[in-house]
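Down below is the structure, laid out as structure tokens.
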Amino acid sequence: MIQSWLRSLQLRLAMRVAALYIVATVVVIVVLMSRAYDTARSLSDQELVFRAADLARYVSVGANGLPRFDLPPNLTAVYDTAPGSDIFAIRDAGGRVIAAAPPQFGDLVAGWPRATVNTVAGPVSVLVARSNTNAAAVYSLLRKFIHDIIWAVSLLVLAALVIGILSIRSGLKSVRAVSEMAAAIGPHTMSVRLPDKGLPSEIMPLVTAVNRALDRVEQGFTIQRQFTANAAHELRTPLAIITAALDEMEGDGDLVELKADVARMNRLVEQLLRVARLDAIVLDATGTLDLNEVASSVVEIMVPWAVTRERMIAFKGSGSPVHVKGNGHEIADAIRNLVENAVVHSPPRTEVLVRTDPDGRVSVADRGPGILSEDRERIFDRFWRGKGVQCQGAGLGLAIVKQIMKGHGGTVSVENRPLGGAIFTLRFTAMPGEDEKSSTSVEQSFTASTGTGS
């Protein structure tokens, strides 16, 4: 399950989209941070340049003919309010400090290289700086802004990722639908083809190839069924001649054994023809019938054959008619196959019980070895026989039952009985009874009329 999930195309696409979004997010955040810090530094440098130019405007010539610095009262109040935060030093061309705030800064920059600015008092050197405290506050605000941007970008990327994954799922919806349809195609639905409308163009060649493969498989199935039907028809006439000739002969046990072998061959030919007929035509299941009558007639016909095998057959019918829509001949054939299968697998001197229920069920129970849980689906496949099965048969009887029930819109299932044996159940859709009398069951044992109790 985990390996299948890891191989999922949807997961692979989602992981690649997620990786792309994550890489894009990291790149955007790194670029944004770098640009933000560069911009902050550039603005800080530009602000210092503007301040230096502004301070140079207040340099004038004093009464003694030397440059002097007169700062307006409002700016003086600003610099006095935060001493040490915004500092400057102004020197004349000879290096003399004209003004400095704080005074110690003038002594500190005495030996620094000078870049002069022309003023009314001649060229002067203006040095301005900002303390780390102010810079830290600016960068703190910048970090908070970047942190908020990262959260916003992350949420946007997450939303885009979710939308992308949902888009991938929606885009693969048609592919999943085609996969489910392909998984449902079986031997009895070979005419179904995968639709190619609404599929991604990358999937179209695969769907086309699968449909062409299905065409070839269907053609092979058709040839096989035609061969089976033709072979059965060709064998039917010679087997009828052999059977008639053997019936006129008298002999010992070898002749009896030969007649049994020919009877089995006749049975196999009949089953092959039944399979071919069920594959070729659609059952007419529009008639109304009573399951009690159909099941009891099948039991009555098969009792003599079961007695020769030292088995008993009992019928337990519903107290009221069980009307269903269906084909009486086909339903009788399905019940007959189940009864035959039950008699063959039951030990001598045991009873096979055929029962009908008011809800449209017919069950056939035996006292045989039962069915292994892993074989309960496969026993309805054509030509399948369980391991260690000693009885003769081609493995077509239960497959015919399943096909008949499918034609009636019903089901066939098998379970093991608590005290040993198996119970096969046919489920039909019962029609509402017009005059239901009572729910008392009617039980008949057809072995009594034969005079051979065991």
Under a 1.4 Å probe, what is the accessible area of the range 312-385 per residue, stated in Å²?
42 Å²
In straight Cα distance, which aspartates and glutamates are under 12 Å from Lys259, not counting same-chain residues fewer than 8 positions off?
Asp247, Glu248, Glu250
Calculate, for Ile203 and Val49, the FRET efficiency according to 1/(1 + (r/R0)^6) with r their C-beta to C-beta distance and R0 60 Å; round to the nearest 0.05.
0.40
Compute the length gained on full extension between Met265 and Ser174: take 0.36 nm times their separation in residues and subtract their Cα-Cα distance, giving the result in nm to one decimal.
27.8 nm
Report the Stokes-Einstein translational diffusion coefficient (µm² s⁻¹, integer) for the range 27-119, Rh taken as the Kirkwood radius over Cα pairs, at 4 °C with viscosity 1.567 mPa s.
85 µm²/s
Whole-Hz ³J(HN,Hα) from phi, Karplus 6.51 cos²θ - 1.76 cosθ + 1.60, for the range 205-213, glycine and proline x:
x, 5, 5, 4, 5, 5, 5, 5, 5
Determine the order of Arg311, Arg264, Arg193 by accessible area, beginning with the largest, at a probe radius of 1.4 Å.
Arg264, Arg193, Arg311
Links that overshoot a 22 Å alpha carbon limit, given the list Lys325/Lys406; Lys173/Lys197; Lys197/Lys402
Lys197/Lys402
Gyration tensor (Cα only) of the range 104-216 to equivalent ellipsoid, semi-axes in Å sorted down, yields 79, 17, 10
Estimated FRET transfer efficiency when R0 is 41 angstrom, pair Leu20-Ala213 (beta carbons, to 0.05):
0.65
Pop a pseudo-label 7 angstrom from the Cα along the beta-carbon direction at both His147 and Ser42 and give the gap in nm to one decimal.
2.6 nm
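The values are calculated or read from the model by the stated rules, or taken from the named source; none is laboratory data. The model shown is predicted, which means the values in this text are computed figures rather than measured ones. No Cβ is skipped: glycine too gets one built from the backbone with ideal geometry, and neighbour counts run over all protein chains shown. For the accessible areas, the whole protein counts, side chains as well, though only heavy atoms, and no ligand, DNA or RNA atoms are used. Shrake-Rupley method; radii C 1.70, N 1.55, O 1.52, S 1.80 Å.
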